[in-house]
Amino acid sequence: MPLTKELEHSFVSQLEENQNIVHKICRLYTNDSDAHNDLFQEITIQLWRAFPKFRGDSKFSTWMYRVALNTAITLYRKSKRSIKTQDFEGVSFKISAETYDDTVEEQLKLMYSAVKDLNDIDKALVFLYLEDKNYREISQTLGITEVNARVKMNRIKDKLRTILNP
Amino acid sequence: MDELELLKKQWQTREQEFPKLSYKEIYKMLLKKSSSIVKWIFLISIGEIILWTLLAFVVPESSREINNGIGLKTTFLVINIINYVVFAVFIFLFYKNYLSIKVTDSIKGLMETILRTRRTVKYFVIYNVGASVLLLIGINLFYYTKKDQLYQLMIENYEGYSAIPPESFTSIFFISQLIGGVIMIGLLLLFYRVVYGILLRRLQKNYKELEEIEV
């Protein structure tokens, strides 16, 4: 079936190009490399299943954000208990240390682990925010209204503030 | 939220620290759809054993009495135990296939597991259909050797049978057994053809795709 082959080729090359998006989601929703790889694979399969319905009326990456986050959120719900027991090493945030002094790095680590402790939906919102998406894009990706996205984001910021400065 | 802005800035610049998966590696992930098929085979085999166990409860009391009366009680018990043991072995094998397809990450390993799974399913179906056919033949041969006793028991347990004269009982009984048996085996074959047939065809398709990228 040449049609399937073409579809596969177009899908795999686009995913290859945009794979960092999926990696970032995996990093945010999992705590070790095994779980990271599992989630990556699960997202790949879900994306592939949904690909025939992707008509190209939005950018591939935009569509990808939506499907990938949905997959992560669904899986996260299923394994809520195992996520709770995260080790501190796992949440460490690898950054190139030479450009930052210790306090900045420490702050980043704390912030990152606070973000990882958010619930699945909030995490998706923060992720899109970190990806520099505007509220319109965020609301479209997550299927909520723009106002709702803004309100939620403000609440999350409050939440993060209390986590960081108890 | 200074920290969040800081994280955002850092976030944008750390694109390169992820392992870069190649085209082939991502493509291989698509082929992992086999693992869900193998999982279904495993789950369906468990469902089947539950189904047969439940069906055993709806066997009418009268037919149990006939079999007990004619002296098949122990035989059925032994057959049941053997059947459950064999089923347990198959379920274990299906589970093993599922585990190995889940952990394998080479195309070759994947192909081997697919072949092994197909083989296990084939033996499973052969066992089930074969055992049913043998059991039906065996029981009816046994009935035949004790047809007089059987006639008595049938009259005791089923009212309608007393209307049948003893001369024609043998032919009526065994012809209806034969028709019933053929229908049952036919349904069993149909069930396997539909359920496992679909799954096996998908596995086969996946196997062909794997073959293409392996060469």
A:Val126 - would you say it is touching a residue at least 40 places away in the same chain (Cβ under 8 Å), within 12 Å of chain B (Cβ to nearest Cβ) and not charged (D, E, K, R)?
no
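Filter the range B:69-88 for residues that are surrounded by 13 or more Cβ atoms within 10 Å (Cβ to Cβ) and either closer than 22 Å to B:Val133 by Cβ or modelled with pLDDT of 90 or more (or both) and give the result.
To start, the set of residues in the range B:69-88 that are surrounded by 13 or more Cβ atoms within 10 Å (Cβ to Cβ) comprises B:69-70, B:72, B:75-76, B:79-80, B:83-84, B:86-87.
Scanning the range B:69-88 gives B:Ile70, B:Leu72, B:Thr75, B:Phe76, B:Ile79, B:Asn80, B:Asn83, B:Tyr84, B:Val86, B:Phe87.
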Of the listed residues (A:Trp63, A:Trp48), the one being within 9 Å of another protein chain (Cβ to nearest Cβ) and either crowded, with 17+ Cβ neighbours inside 10 Å or part of a loop (DSSP other than H, G, I, E, B) (or both) is A:Trp48
Looking only at residues that are farther than 16 Å from A:Asp120 by Cα, within 13 Å of another protein chain (Cβ to nearest Cβ) and not in a loop (DSSP other than H, G, I, E, B) in the range A:131-166, which one is nearest to the chain's Cα centre (by Cα)?
A:Asn154
With the structure loaded, tell me whether A:Tyr76 is modelled with pLDDT under 80, more than 12 Å from chain B (Cβ to nearest Cβ) and either within 12 Å of the chain's Cα centre (by Cα) or part of a helix (DSSP H, G or I) (or both) or whether it fails that test.
yes
Among the residues that make up the range B:5-22, is at least one of them assigned to a helix (DSSP H, G or I), in contact (Cβ under 8 Å) with a residue 40 or more places away in the chain and not β-branched (Val, Ile, Thr)?
no
Could you please find all residues in the range B:97-115 being touching a helix residue (DSSP H, G or I) at 6+ places or on another chain (Cβ under 6 Å) and either within 24 Å of B:Val85 (Cα to Cα) or basic (Lys, Arg) (or both)?
B:Asn97, B:Tyr98, B:Ser100, B:Lys102, B:Thr113
Filter the range A:145-166 down to the residues that are of a type in the set (Val, Ile, Thr) and at pLDDT below 90, then identify the one that is surrounded by the fewest Cβ atoms within 10 Å (Cβ to Cβ).
A:Thr162
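For B:Lys39, state whether it is within 14 Å of chain A (Cβ to nearest Cβ) and either loosely packed, with under 12 Cβ neighbours inside 10 Å or of a type outside the set (Gly, Ala, Ser) (or both).
Yes, satisfied.
Go through the residues of the range B:72-79 one by one and say whether even a single one is more than 14 Å from every other protein chain (Cβ to nearest Cβ), within 30 Å of B:Ser100 (Cα to Cα) and without any contact (Cβ under 8 Å) to a residue 40 or more places away in the chain.
no
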Residue that is among the polar types (S, T, N, Q), part of a helix (DSSP H, G or I), without any contact (Cβ under 8 Å) to a residue 60 or more places away in the chain and over 30 Å from B:Glu25 (Cα atoms), where the choices are B:Asn97, B:Asn128, B:Asn83:
B:Asn83
Looking at A:Glu98, A:Glu106, A:Glu89, A:Glu42, which is the one that is of a type in the set (Asp, Glu), over 20 Å from A:Leu142 (Cβ atoms) and at pLDDT 75 or above?
A:Glu106
Which of the residues belonging to the range B:92-126 are within 16 Å of B:Val195 (Cα to Cα) and surrounded by 15 or more Cβ atoms within 10 Å (Cβ to Cβ)?
B:Phe94, B:Thr117, B:Arg118, B:Thr120, B:Val121, B:Phe124, B:Val125
Looking only at the range B:49-68, filter to residues that are surrounded by 15 or more Cβ atoms within 10 Å (Cβ to Cβ) and either in contact (Cβ under 8 Å) with a residue 24 or more places away in the chain or at the interface with chain A (Cβ under 10 Å from one of its Cβ atoms) (or both); which one of those is nearest to the chain's Cα centre (by Cα)?
B:Ile49
Only residues that are among the β-branched types (Val, Ile, Thr) and either facing another protein chain (nearest Cβ under 9 Å) or without any contact (Cβ under 8 Å) to a residue 40 or more places away in the chain (or both): list them for the range A:1-21, please.
A:Thr4, A:Val12
Looking at the range B:195-215, is at least one residue farther than 30 Å from B:Lys108 by Cβ and not polar (S, T, N, Q)?
no
Give B:Ile155, B:Ile179, B:Ile175 a once-over and let me know the one that is crowded, with 16+ Cβ neighbours inside 10 Å, in a helix (DSSP H, G or I) and over 23 Å from the mean Cα position of the chain (by Cα).
B:Ile155
Suppose the filter is within 14 Å of chain A (Cβ to nearest Cβ), assigned to a helix (DSSP H, G or I) and in contact (Cβ under 8 Å) with a residue 12 or more places away in the chain; does B:Tyr27 pass it?
yes
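The values are calculated or read from the model by the stated rules, or taken from the named source; none is laboratory data. These numbers were taken from a predicted model, which means no experiment stands behind them. So basically every Cβ, Gly included, is an ideal-geometry build from the backbone, and we count neighbours across all protein chains shown.
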